[in-house]
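Below is one structure, written out as C-alpha cells, with a few remarks after it.
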Amino acid sequence: MADVESTHSIEFELNGEPKATVVPGRELLVHFIRDDLGLKGTHIGCDTGNCGACTVRVDGQLVKSCMMLAAQLDGCSVETIEAGPAAELREAFNAEHAVQCGYCTPGMLASAAFLLERNPDPSSDEIRRALKGNICRCTGYENIVRAVERVAAGGPNSGDMGPKSAHRPVEAS
Amino acid sequence: MLAANPGSRPLAGGQSLLNVLKHRAAEVEAVIDISRLEELRGIEGDGSGGIEIGAACSYDQIAGSGAVAAAHPKVAEVADGLVDQQVRCRGTIGGNACFNDPGSNYPPLLVAMEATMRVTGPGGDRKVAAGDFFQDTYRVDLGPGELLRSIVLAPAGDATVGYSSLQMASDSWAVARAVARIRCNGTIAEPRVVIGCVSGAQPRAAAVEQAVDGAEPSAEAITAAAARVDEGIEPGGDAHASGAYRRKMATVMVERALTEATERARGDDG
C-alpha cells in the first residue's frame, strides 16, 4: 500500500448543509475547509495543534482542524466560523475590542461559544482555562476574557451592552 | 485490518499521531481510523467500584464521567487537566497509553494503579498488567495487528493516589512527574511509586516504596523516603532540563505525590 495515494468518499454536513465529495487520505481537515470548500475564515496558525486558530466544531466537539484528517469527517457535521457565532458573542468582542489583528478570532469565538454552551456563567478563571488552547499573538487576552465575561449570564451588567470595561480596573493575568 | 496491513497504525484522536505523520517521524503504510468504533468508547462500572474505560474514550468524556469520578477520581482529574479543551475533545486515553512518550500523563498513573490493559487481536483477547504493558519509550506490549481495547481498574477500596507534575509553563511538557498510590490505615501499606518523564518503561521507585512501606504517614518519613528516588532511577538530560535537575525534581515530585496520597487517605481532599 506504500505508494498508493488513497482517496475517500465522504458525506458530511457543512454548516447545516449536506455535502458529499472525495478527499485525499492525507488531507488535513483545515486544508479541506480552506482550499476545497473555500471557507477562509478557518485560519492556519501553526499546523501543529498548538495555536487553536483553526478551531472548528465537529459533531459539537471543539476540534483543531489541523489535527484531524478530512477523511474522518465522513458521517459528521462540521461547523465553521462562516456559520456565524452568536450575535451576543460577536457584539461583545466588538464592544470590548477583543480583536487586534483578528487572526485568532475565529478560533477564540469557537472556544468561547463552546464554553458558554456548557457553562453559561463561567468565572474569569474558567474563561481563561477554556481559551487555553487558543493563542493570541497580539496578546490581547484581557479584552478577550472581558468579552466572554460580558456575555456570561448573571455576570455584572449582563445583557447590557454599555461600555462597562471603561470603568473596570485591568486585572493581572 | 491492522493485521492484514503490515506497517499500518490505528488512528484514534490523532492528537499525537497526526503530528508524527506531519513530521515524517514514523513510516506508516496505512492509517486505520478506529475513533468511532463504539466497542472502544464505553465507560462501564462493575457495580463494586471497579471500572472499565474503552481505549477510544476522549479525555473530555472521562473528565465528565460521574462513574470515573466516583470510582477513581484521579483518573478524571488528570483528564480534566490535560492540555486544552480541543485536545480533551479529541485525544483518547488509549492513544495516550499506546503512544507512551516518557512524558505522557496516563502511563505512570496506570502503572501505579495496577491497571489491567485489555488487548484484542488476531489471536484473540489477552490481558496485560500495566507494569508490563509499558516497555520502553514509544513501545508497548502490542503485537502485529493487536489493539488496546480497554483499561480495567479494580475497585480502589481504601487506596488513594497522589499525582504531581512539574511543567515550566502551563502548556509545556512536564519535565518531572511522580505518581504514588498507597493504602493507609495508621501506617502506609502497599505503596506503588512510579516516576514519569524518565523513560517509557514507566519505572517504579523500588527504594522509595521500600522506605515508605509500613511507615507513619508523616512529613519526615515521606521526605526521607523521597530522597531515595535516585536509587536505581537515572533521568537523562535534554534541551528542557539536565539529568541532575530532573533527578532533583523527581524527588520533589515523589514527596508531593506521597503527601497528596496520605492527605487523601485522611480525607483532606474534601
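Computed from the coordinates by the stated procedures, all read-outs in this text should not be read as laboratory data. In this text, all values refer to a predicted model and were calculated from it rather than measured experimentally. A quick note on method: Cβ atoms are made from the backbone with ideal geometry, for glycine too, and the neighbour counts reach across all protein chains shown.
Assorted remarks:
- From the C-alpha gyration tensor of the stretch B:159-266, square roots of 5λ in Å: 24, 14, 11
- Taken over chain A, the ratio of Cα radius of gyration to 2.2 N^0.38 Å equals 1.13.
- Amide hydrogen proximity for B:D33: with H placed 1.01 Å from N in the peptide plane, the residues at 5 or more positions away or on another chain lying under 5 Å are B:L11.
- Around A:I81: net Lys/Arg minus Asp/Glu count, Cβ-Cβ under 15 Å: +3
- Other protein chain Cβ atoms within 10 Å, averaged over every residue that makes up A:47-53: 4
- Ranking of A:S65, B:S170, B:S150, A:S77 by neighbouring Cβ atoms within 10 Å, starting from the fewest: B:S170, A:S77, B:S150, A:S65.
- Helix B:243-266 vs. chain B, principal-axis angle (Cα, 0 to 90°, nearest 10): 80
- The stretch B:40-153 - charge dipole about Cα centre, Lys and Arg +1 at Cβ, Asp and Glu -1, debye rounded to 20: 180
- Alpha-carbon spread of the protein assembly as shown, three principal axes, descending order, Å: 62, 62, 46
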